[in-house]
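Here is the structure we will look at.
The values are calculated or read from the model by the stated rules, or taken from the named source; none is laboratory data. All figures in this text were calculated on a predicted structure; none of them were measured in a lab. Quick reminder, even Gly has a Cβ in these numbers, built from the backbone with ideal geometry, and neighbours come from all protein chains shown. These accessible areas exclude ligands, DNA and RNA; they are computed on the full protein's heavy atoms, side chains included. Shrake-Rupley method; radii C 1.70, N 1.55, O 1.52, S 1.80 Å.
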Amino acid sequence: MPTPGLLQALMQPKPTLDLPVFDEWYQNEHGPTRVRLSDIFGNGVRCRALDEREPTFAAFYDVKDIHDLETERYLTLRANRSKREASVVAQIDITRGFWDLIHERSADGFKAPEDTTDQDALGRVLLAVDLTPNEDPQAKEELQKWYGEENVDMLSKVPGWLRSRMYKTSVVEDGKATFRFLGLHEFAKNNGIRGPETQTALATPRAGEVMIKYTAASDRRMYELFYVFGSGARDLENLSKLPSDAAFFSTDERTRTLTGTDPVIESYVPMADGLDIPYCLEGNKATDAPTVAFCNSLLTDLHMWDPLIELLKKERPDLRILRYDVRGRHAIPQPPKAATLDTVTADLQALLDGLRIAKLEALVGVSMGGATTLNFAMQHPDRLKKFVACDFNVTSSTANTQAWKDRIAMAEVDNNQGIKKLAEQTVARWFHPDTKPATKDWMVEMVSRNDVQGFAHSCTALWDYDLKPKMDGCTVPGLFVVGEVDGKGGLVKAMDGFKGELGGHGAELKVVEGAGHLPMCEQPQGFWNTIREFL
């Protein structure tokens, strides 16, 4: 049977360590690396002391089975530290605690920090009570009984009480640590923890008895929760405070940061099926900045938005910008499984969850990304304010499905070298005849780098879908955009035919002149002019 528990880390940075360096490392590297091991860790939070005592910082991770902290999979994280992590850790006084959960009680409707928004979670107060039983043979039992029979019940009457948990020194610490109990009591930001109810709970006759008769030592600490980890790095604010030589490139080459006034995070978020989705986060560095996300087309990568992002950063410095590579660009899950439109839509939801983005200011998608955008808006209307869907169709067709199958066959020719020929034919079909040669070459090279097996298992998302029956129920405002010569003008007619279905009142359709299937690549300024007012 699993033994649920807690990993506790109490930390005090030494004077040699600048606080932004400490925070950025912990929030962009250390914490997400652990939370990505979702079979081991249920969550991770950072807290700051409210009692003006040291250590100033604490981190708490719920562990699904405390024995997993003895496995090579977990221990490898510490053994294979990056050079940056080794340098930072050497400048911190750290005390780790391993605890087994023995009691838990929560208020009706309680949501753990990882299951709610930052707006709700941040500012919660944690009261940590550390008790060491004395040598009386009844001490452990009496302390535990008091906690379960009286203490939690009394504390639950404190205004703002959310949850109480009791832990004991973990079995993995047998012989290595003095046996103790840890009570962890969680309260809302607005609470009565300093009021009479708390004093009453601490001053009962039974509380006095157990403290005198059965307790060798006791300690209380008060913390404020100020950061909840996701599986993706997202701290642009501290990153912006670091010098240029503090940029980070992980040893596995999957995470990269750029520091300074224009901070950038490139990393990944794991999906439920084991596939990792790469993303790029940049723009406004404020943690509460409105976020616009971009969903690219099949065969391209997140850099297809580069020309537009350059404009967007100048025009809308208030926005945080999220881009990502759709599944199939680099790899497929094992065992292989063909994607559906719902699969790639769920990927976007998981990405936002991993970055703890509760609601997007806007979502912009093109081609398969356009279909994904509309599907996301219909399935998760509470997760975005508005959307822009470009150069896509609301239904698949038998002919289009066969065309994708033919393209897979072409890409697989000569041990997957056919992808280069497919890239040339695809870009020729996508772009306006007057598009600059350099832009075409850029896109041919991008398409040629696509993983062929990934393409074969992701283009299936466009084989068999029909979004039209649900369009009238969409409650999110949307704008449809199309390049004037996409499909030799055929897509303009198609999108004009279904624009009136959205939300029962229809959506505006705007046409970008001088562009084909990827107007944001061919005519970035024209595309921006088209969506500026709506966005």
Checklist entry - Inside region 407-456, can you point out the residues that are open to solvent by less than 90 Å² (accessible area, probe 1.4 Å), closer than 17 Å to VAL485 by Cα and out of contact with any strand residue (DSSP E or B) (no Cβ under 8 Å at 6 or more places or on another chain)? => result GLN425, THR426, VAL427, ALA428, TRP430, PHE431, THR435, THR439, LYS440
Item to check | Criterion: more than 21 Å from VAL292 (Cα to Cα) and out of contact with any helix residue (DSSP H, G or I) (no Cβ under 9 Å at 6 or more places or on another chain) - qualifying residue of GLY503, GLY418, GLY483, GLY489 | outcome: GLY489
Item to check | Scan of region 257-280 for residues that are in contact with a Pro (Cβ under 9 Å, 6 or more places away or on another chain) and assigned to a strand (DSSP E or B), ordered by number | outcome: THR257, GLU266, SER267, TYR268, VAL269, ASP276, ILE277
Checklist entry - Hey, does region 334-349 have a residue that's closer than 21 Å to LEU319 by Cα and either in a helix (DSSP H, G or I) or in contact (Cβ under 8 Å) with a residue 12 or more places away in the chain (or both)? => result yes
Checklist outcome for this item: By residue number, the members of region 104-154 that are among the polar types (S, T, N, Q), in a helix (DSSP H, G or I) and within 26 Å of the chain's Cα centre (by Cα) are GLN119
Checklist entry - Pick from region 176-191 the residues that are out of contact with any Gly (no Cβ under 6 Å at 6 or more places or on another chain) and open to solvent by less than 50 Å² (accessible area, probe 1.4 Å): which of them is farthest from PHE98 (Cα to Cα)? => result GLU186
Next on the checklist: Go through (1) within 17 Å of THR95 (Cα to Cα); (2) part of a helix (DSSP H, G or I) for ARG34 and report which single condition fails.
Outcome noted: (1)
Checklist entry - With ASP62, ASP93, ASP51 as the choices, which residue is assigned to a strand (DSSP E or B), open to solvent by 40 Å² or more (accessible area, probe 1.4 Å) and of a type outside the set (S, T, N, Q)? => result ASP93
Checklist outcome for this item: Note: among LEU299, LEU281, just one is under 14 Å from the mean Cα position of the chain (by Cα) and surrounded by 22 or more Cβ atoms within 10 Å (Cβ to Cβ), namely LEU281
Checklist entry - For region 318-356, how many residues are within 20 Å of GLU114 (Cβ to Cβ), surrounded by fewer than 23 Cβ atoms within 10 Å (Cβ to Cβ) and in contact with a helix residue (DSSP H, G or I) (Cβ under 8 Å, 6 or more places away or on another chain)? => result 2
